[in-house]
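In what follows, a structure is listed as C-alpha cells, so that the remarks can point back to it.
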Amino acid sequence: MDEAHEKRPIRVTIYNQAFTILSSDDPGEVQDLARRVDELMFSIAARAGNVDSTRAAVLACLHMADQLRTLERELTRLRERVDSKSREFSTLLDQIVRDDEDAGRQNQG
C-alpha cells in the first residue's frame, strides 16, 4: 500500500470522550473536524438543556446533514449556471467562427 494512503491512528476527543480514528487524511484536518463536531455537540447541549451524548450526537448529525443538503443544492445550481454559460459561450464562438468564414469568403470573391 502507498505510504501516503496508509491509515494511521489519530486521537481525538468529542463530547468528553476519547476516540482513536484510523485515517489516511492529515491528522490536523481530522482533529479540526473532531473539534468542530465537539463544539457543535456542546452548543446543542447548551441550548437543549440536559441531553445525553447520543441525543446530542443525533442532533449534531441532523444539523450537519442539513448543511450538506444546502451545499449540495448550491453546487447543483452552480453547475447549472456553469453549463448554461458554457452553452452561451459555445454558441457565441460558433457565431464568431461563421462570421469570420463568411468575411473570408467575401474578401476572396
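Only the coordinates and a few stated rules stand behind these numbers; no lab work does. Given the structure is predicted, the values throughout are model-derived calculations rather than measurements. Every residue, glycine among them, receives a Cβ derived from its backbone with ideal geometry; neighbour counts consider all protein chains shown.
A few notes on this one:
- Using alpha-carbon coordinates, inclination of helix 53-108 to the longest axis of the chain, degrees: 10 degrees
- With Cα atoms, 0 to 90° folded angle of helix 27-48 axis to the chain main axis: 70 degrees
- Between the alpha-carbon centres of segment 90-106 and segment 1-49 there is a gap of 57 Å.
- Think of segment 1-63 as having a plus end and a minus end, set by charges on the Cβ of Lys, Arg, Asp and Glu; of Ala45, Thr20, Gln31, Ala45 sits farthest toward the positive end of this dipole.
- Per-residue [θ]222 nm for the chain (sum of -39500 (n - 2.57) over DSSP H runs n ≥ 4, rounded to 500): -26500 deg cm²/dmol
- Simple spin-label estimate for Arg77 and Asp26 in nanometres, 7 Å along Cα-Cβ: 3.0 nm
- Close amide H partners of Ile10, meaning residues 5 or more places away or on another chain with modelled amide H under 5 Å apart, are Ile21, Leu22, Ser23.
- Cα-based values for the chain, radius of gyration first and Dmax second, are 26.4, 87 Å.
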